[in-house]
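J.: For reference, the structure I am asking about is given below.
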Amino acid sequence: MTKTTSAGISRRGLLGAFAATAVAAAPTYSKAAGFLRGAGDIRRIGMHSGRTGEYLDTIYWIEGEYIAEAVREINVHMRDWRTGEAVQMDLRTIDIMSAALNLMDTSEPYLLLSGYRSPQTNNMLRSRSSGVARNSLHMRGQAADLRLTSRTPTQMANAAIACRAGGVGRYGRSNFVHMDCGPIRSWRG
């Protein structure tokens, strides 16, 4: 996990301090590189997994470069909690999640309901629900199902749709939003 208690200052801690200063000094994120405008010069993601009890709050991208250690932590956090299997999550999905969180102007971490899903887990979920896709992008590490207590699924979906970067599913009755880096589309579940 990212949070550690140490008397010394690590490289990661120094980067975090730099990032916090840079965020305060340049909140407009005008130099965003890559496919997703608005994600910022500094990209941060916060998540909590109700299944594992783990929390993650990390800066994973600074000035055009992903931080390898932070990306590894994200991959582990978004693992299939049923099998323990982790894959390289598609960073485009993480960027969409981060940009949507910025647009919603909240510091609340996402509640991660589902990130990566192994084929076994996906098949098991398909046998229980018609709403689970046979070729789900979750199995490629390209999707996440997320919830916030401070925002409605409609607010979350609207923020993700504003990114114009992937798929967004709004599941109002189940109180979550699906975000992925597949083709641009949206739906209600």
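The values are calculated or read from the model by the stated rules, or taken from the named source; none is laboratory data. Note that the structure is predicted; figures quoted are calculated from it, not measured. Using ideal geometry, Cβ is built from the backbone for each residue, glycine included, and neighbour counts are taken over all protein chains shown. Only protein heavy atoms, including side chains, enter the accessible area calculation; ligands, DNA and RNA are left aside. Shrake-Rupley method; radii C 1.70, N 1.55, O 1.52, S 1.80 Å.
J.: How far apart, in nm, are the 7 Å Cα→Cβ label points at Arg126 and Thr149?
T.: Each label point lies 7 Å from its Cα, and together they span 3.5 nm.
J.: 5 Å is the cut-off here: which amide hydrogens, built 1.01 Å from N in the peptide plane, fall below it relative to Cys163, excluding neighbours closer than 5 in sequence?
T.: Under 5 Å from the amide H of Cys163: no residue qualifies.
J.: Under a plain spin-label model, where a point goes 7 Å from the Cα along Cα-to-Cβ, how far apart in nm are Val76 and Thr52?
T.: 0.8
J.: Another question, if that's okay. Where the centroid of each part is defined by its Cα atoms, how far is the stretch 78-114 from the stretch 47-75 in Å?
T.: Between the Cα centre of the stretch 78-114 and that of the stretch 47-75, the gap is 8 Å.
J.: Expressed as a whole percentage, what fraction of the accessible surface of the stretch 100-177 belongs to carbon and sulfur atoms when a 1.4 Å probe is rolled over the protein heavy atoms?
T.: Its accessible area is 45 percent carbon and sulfur atoms.
J.: Moving on to the next point. Contour minus end-to-end for Glu108 and Ala162, with contour as 0.36 nm per residue of separation and end-to-end as the Cα-Cα distance?
T.: Gain on stretching Glu108 to Ala162: 17.5 nm.
J.: With +1 on the Cβ of every Lys and Arg and -1 on the Cβ of every Asp and Glu, and nothing else charged, how large is the dipole of the stretch 83-189 about its Cα centre, in debye rounded to the nearest 20?
T.: 480
J.: Just the number please: accessible area per residue for the stretch 147-189, 1.4 Å probe, all protein chains included, in Å².
T.: Ligands and nucleic acids excluded, the result is 52 Å² per residue.
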